[in-house]
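What follows is one structure encoded as C-alpha cells, with my remarks underneath.
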C-alpha cells in the first residue's frame with residue numbers, strides 16, 4: 001500500500017501549480033513549449049489506472065489494467081455483457097449500432113425502456129463514437145508523457161471516455177476509415193495534475209457519488225504526500241484518506257474544494273465518508289449511480305448489511321428518507337457482541353414472535369406492515385432485512 005513520502009520540493013511545485021490548473025484553461029498554456037498537441041497512435045495511449053471515474057465495469061477495469069486483456073478484448077467483454085442483459089429483457093442485438101434509438105420507429109405511446117447500467121454505458125459510448133466519426137475529435141485528450149527511452153507511452157489525464165469511444169469506433173462499428181490516431185494535448189510528466197483531472201471529472205455529467213468519494217481521497221492522498229501507484233488499486237488504497245483531513249493541509253483546502261466543484265468542507269467530509277461502505281456496496285452503488293444522500297445513512301450500520309441495503313435501494317427505488325428510516329430503525333445488533341451478556345429485550349421479543357408465527361396469516365402481516373410503515377417499498381425492505389436476519393441467525397443455532 002502506498003505510503004506518504006517526504007519529497008517537499010515536489011509538494012511545493014504542486015502547490016505552485018494548483019491555481020493555474022484550477023483557474024486556467026490548457027489552451028492558454030500553449031505558449032509553454034513543453035505542452036504540445038499531437039496525433040498519437042491509440043496503442044501508445046493508456047487510461048489512468050487510479051482514475052476515480054470508472055468507465056468500464058469494475059471486473060473489466062481490473063482485468064484491463066492488470067494486462068489480462070487488450071482494449072479490444074475489454075470492449076468485447078462489455079459488448080457480450082450487454083448482449084446477455086439485453087437478451088434477458090427481450091431486446092437482443094448483433095451490432096452495437098442497434099443500441100441507438102431509431103427516430104423513425106419511435107412513438108409517443110411507446111413505453112419507456114429501462115436499460116441496465118451496462119446497456120446505458122455501451123449506448124453512450126456508441127453515441128460518442130458516432131459523434132467522433134461524423135464531427136471529428138473536437139476535444140483532444142489530455143495525456144501525460146510517461147515515455148521511457150525509445151518506448152513512447154502516454155497516460156490519459158482527462159478524456160478516457162473519448163479513448164474508449166475511439167476504440168469502439170475502430171473495432172466495432174462498420175466502415176471505419178480512420179487512421180488509428182487520436183489527437184492529444186501532451187503534458188510533461190512533471191506537469192501532470194490530479195487537480196486538473198478532478199476539475200474535468202466534476203464538470204462532466206455522469207460522475208457517481210462513489211467516484212466523487214474516490215476523487216476526494218485521491219486529492220487528499222496527493223497533498224499529504226502519498227505515492228500514487230501506476231497500477232490498478234482496490235478500495236483500501238482510497239480508504240487511507242479516511243484518516244486524513246483538510247485541517248492538516250490548510251494551504252490546499254481552497255484548491256481541493258474548488259476541484260470538487262466548489263463544495264463546502266462538511267459536504268467534502270460526508271463524500272469521503274462513503275469509502276466506509278463495503279467493497280460490494282461500493283461496486284453496486286457505483287454501477288447504479290446511487291446518490292450520496294442515500295448512501296450516507298448506510299455507513300452508520302454494520303458493514304455486513306451495506307450491500308443488502310444498496311440492493312434494496314435499487315430494487316425498490318427507495319428515497320433518501322426511506323433509506324434513513326430503514327437504517328435508523330435497523331434492529332440488528334452487532335454480531336461480535338459478547339455472548340455471555342444478558343439478552344436484549346428486542347431479541348426476546350423476536351424469539352417470542354417466532355412462537356406465534358402460526359397465529360396470523362401473510363395477508364394480516366402485510367396489512368400490519370403497511371399500517372406500521374405507511375409505504376410498500378419500506379415494508380418490502382423490512383421483510384428482506386428480516387429474511388437475511390433469520391438466515392444469519394440459523395448459523396448460530398447449535399444442538400446444545
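The values are calculated or read from the model by the stated rules, or taken from the named source; none is laboratory data. Owing to the predicted nature of the structure, the values given are computational and were not obtained by experimental measurement. All Cβ positions, glycine included, derive from the backbone under ideal geometry; neighbour counts span all protein chains shown.
Restricting attention to region 338-368, the residues being in a loop (DSSP other than H, G, I, E, B), surrounded by 10 or more Cβ atoms within 10 Å (Cβ to Cβ) and modelled with pLDDT of 70 or more number 1. Evaluate region 225-236: report whether one residue or more is part of a helix (DSSP H, G or I), out of contact with any helix residue (DSSP H, G or I) (no Cβ under 6 Å at 6 or more places or on another chain) and buried (at least 16 other Cβ atoms within 10 Å of the Cβ). For region 225-236, residues part of a helix (DSSP H, G or I), out of contact with any helix residue (DSSP H, G or I) (no Cβ under 6 Å at 6 or more places or on another chain) and buried (at least 16 other Cβ atoms within 10 Å of the Cβ): absent.
Rundown of residues vs (1) closer than 20 Å to residue 140 by Cα; (2) buried (at least 21 other Cβ atoms within 10 Å of the Cβ), yes/no style:
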residue: 173; (1), (2): no, no
residue: 177; (1), (2): yes, no
residue: 193; (1), (2): yes, yes
residue: 201; (1), (2): yes, yes
residue: 213; (1), (2): no, yes
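Evaluated against (1) within 21 Å of residue 306 (Cα to Cα); (2) touching a helix residue (DSSP H, G or I) at 6+ places or on another chain (Cβ under 9 Å); (3) loosely packed, with under 15 Cβ neighbours inside 10 Å, residue 391 falls short on exactly one condition, (2).
Summed over region 243-253, residues that are out of contact with any helix residue (DSSP H, G or I) (no Cβ under 6 Å at 6 or more places or on another chain), assigned to a helix (DSSP H, G or I) and surrounded by 15 or more Cβ atoms within 10 Å (Cβ to Cβ) total 1. The set of residues from region 131-164 being more than 23 Å from residue 215 (Cβ to Cβ) and buried (at least 16 other Cβ atoms within 10 Å of the Cβ) comprises 132, 133, 137, 145. Take residue 200 and decide whether it is over 20 Å from residue 292 (Cα atoms) and part of a helix (DSSP H, G or I). In short, no. Among the residues making up region 254-277, a single one is over 27 Å from residue 306 (Cβ atoms) and assigned to a loop (DSSP other than H, G, I, E, B): 262. For the structure I just gave you, tell me whether residue 106 is under 30 Å from residue 284 (Cβ atoms) and either at pLDDT below 90 or not assigned by TED's automatic domain parsing to the domain that holds residue 286 (or both). No; evaluated as a whole, the condition is false for this residue.
Residue by residue, here is whether (1) part of a helix (DSSP H, G or I); (2) modelled with pLDDT of 95 or more; (3) outside the structural domain of residue 252 (by TED's automatic domain parsing) holds:
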| site | (1), (2), (3) |
| --- | --- |
| 134 | yes, no, yes |
| 139 | no, no, yes |
| 176 | no, no, yes |
| 184 | no, yes, yes |
| 219 | yes, yes, no |
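Go through (1) free of Cβ contacts under 8 Å to residues at least 24 places away in the same chain; (2) buried (at least 21 other Cβ atoms within 10 Å of the Cβ) and name the single condition residue 256 misses. For residue 256, the exception is condition (1). Counting only residues that are closer than 26 Å to residue 247 by Cβ and out of contact with any helix residue (DSSP H, G or I) (no Cβ under 7 Å at 6 or more places or on another chain), region 180-201 holds 1 of them.
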